[in-house]
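Every number here is computed from the coordinates shown, using simple stated rules; none is lab data. The structure displayed is predicted, hence computed values, not measured ones. Here Cβ is always computed from backbone atoms with ideal geometry, including for glycine, and neighbour counts include all displayed protein chains.
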DNA sequence: TTCGACCTGACAGCGGCCTGACAGCCGCCG
DNA sequence: CGGCGGCTGTCAGGCCGCTGTCAGGTCGAA
């Protein structure tokens, strides 16, 4: 975990650094707003600890510029005690959390960990097979990077095949999964869906193994 | 946005409810730990405001059980003034933020908005999607730079779509977040809102993917 | 060659979705 | 207190895209 500490008071800065490092973070420091802005804009941090009173460029301005540029890393703001207007302002500017000064180091570390924990584990779940990719978050399918419009049923079929892309899926299994057992469709319904999908996908994407079932190309070694 | 307020003091609870509702949230309240645990475990909330001193089941225990069950919604904890240990404990139990009592309602609302944004990976309060922009601080919507007057319900719909503008939102999810589970509306209510909104927004802003749900244009690359 | 598994285009029914009209509710104001 | 207007859920009607079915055609295995 990489952390940027922006703090002009050298003593506080070194205390912060010590505490965070002993908690397992890799810490980089910076004492003025200009440099902070540059670093936060160009480097990748898992967390920024930002003091608002800075020389050369105000902390709030720095934060707003980062957010304006689409930088989304979690930012923990240090504010003066009792300045609640400043806190609201900071939060509205895009801060993820703030800590009033003075504070205990244990608390800062606890909140730093919480922020990092929360920001982790986002991002879209993208699954691929050959030239085909499917984003289960956005429910999007793309072929060679080009978005492809599929119907709900086609999507369900593709996502099931994608989930089991290491084997061949028998038609019965697909029928069972696409429709329930109750409202069973006859096998031809599935064939129709496959045909319509292939028209969109082109050749060599959705394969058939006669007598066994359907699969996504490429199917492992062998075949 | 759907919020659960867990607070045993009826006066504070109603103040919280009023403040959050005037900020565009849909608020549900609950006065004891047992019910809170059940609700948080079974319903989908965009935020929980949790008081620690609760009858029947302690707030910290409730929070830990939620987290233990994999519930990941952002939780804002209300603590007594100066209770350091309690705060650290709360954060380690999985709280995303805390607010010491007494607090200003403005600050609570600001932090609530910030938490909701952050939980969706959004830093800024000003969100845009194509020609549409919405400022969640001022509850202000504009289209192509021109201010747009929307009703409370329309605003809630738009802000939820904006918060999740990188994916398609199924109608069930929208119904759940616009209304609660207790007063469930039928799907057509949602369709009516969408239709009225589209009359204001014009074409190519609020899109539909048949069989999937609604989304804001433009969604991702293409389509 | 024969048989059955699989493919394909055409077509019709269904159902998801849209829309306009209407009525109940509520806050506002005279 | 009563009327008024905005907001919103419900209803009925209609459109159109999705999807199952059918009737052939094709292909591979024995």
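Peptide B:199-211 has a mean of 1 when you count, residue by residue, the C-beta atoms of other protein chains within 10 Å of its C-beta. Taking the C-alpha atoms only, the angle from helix A:59-68 to the longest principal axis of chain A is near 20 degrees. In terms of other Cβ atoms within 10 Å, B:14, A:149 run from fewest to most in the order A:149, B:14. Working note: 222 nm ellipticity from helices only, DSSP H runs with n ≥ 4, each -39,500 (n - 2.57), summed and divided by the residues of chain A, gives -12500 deg cm²/dmol to the nearest 500. Computed over chain B, the quotient of the alpha carbon radius of gyration and 2.2 N^0.38 Å is 1.05. Label-point spacing for residue A:217 across the identical copies (point 7 Å from Cα in the Cβ direction), in nm and ascending order: 3.5. Highest mean packing first, where packing is the average number of other Cβ atoms within 10 Å per residue, the peptides B:32-41, A:43-52 line up as A:43-52, B:32-41. In the range A:2-119, Cα pairs under 8 Å separated by at least six residues give a relative contact order of 24 percent. Sorted shortest first, the separations between the residue B:21 label point and its copies elsewhere in the assembly read 5.4 nm; each point sits 7 Å from Cα along the Cα-to-Cβ line. Ordered by the count of other Cβ atoms within 10 Å of each Cβ, fewest first, A:2, A:118 give A:2, A:118.
Note on B:119-125: average number of Cβ atoms from other chains within 10 Å of each residue's Cβ is 6.
I want the antiparallel fraction of DSSP beta bridges within chain B, as a percent rounded to 5.
Just about 50 percent of them are antiparallel.
Put simply, when B:55-68, A:191-204 are sorted by average Cβ atoms within 10 angstrom per residue, most first, you get B:55-68, A:191-204.
If a/c stays under 1.5 just call it rounded; otherwise compare a/b with b/c (prolate if a/b is bigger, oblate if not). Do that for the range B:41-171, with a ≥ b ≥ c from the square roots of the Cα gyration tensor eigenvalues. Taking the square roots of the gyration eigenvalues as a ≥ b ≥ c, the range B:41-171 is prolate.
Relative to the longest principal axis of the Cα atoms of chain B, the long axis of helix B:152-163 makes an angle of roughly 90 degrees. When only Cα pairs below 8 angstrom with a gap of at least 6 residues are kept, chain A shows a relative contact order of 12 percent. The C-alpha atoms of chain B define a longest principal axis, and helix B:10-22 lies at about 20 degrees to it. Shown for residue A:203: label points 7 Å from Cα along the beta-carbon vector, and their distances to the equivalent points in the other copies, 3.8 nm in ascending order.
Here the range B:148-173 and the range B:17-31 have alpha carbon centers that stand 18 Å from each other. Note: relative contact order over the range B:126-216, using C-alpha pairs below 8 Å and six or more positions apart, is 26 percent.
Which of rounded, prolate, oblate describes the protein assembly as shown, given a ≥ b ≥ c as roots of the alpha-carbon gyration tensor eigenvalues and a/c under 1.5 marking rounded, otherwise prolate only if a/b is larger than b/c?
prolate
Shape class for the range A:126-216, computed from the alpha carbon gyration tensor (a ≥ b ≥ c): prolate, with a/c not under 1.5 and a/b above b/c. Spacing of the modelled spin labels on residue A:61 and residue A:144, each 7 Å from Cα toward Cβ, amounts to 5.0 nm. Would you mind checking the range A:142-178 for residues with the amide N under 11 Å from a putative spin-label position 7 Å along Cα→C-beta of residue A:212? Counting only backbone N, you get A:167-170.
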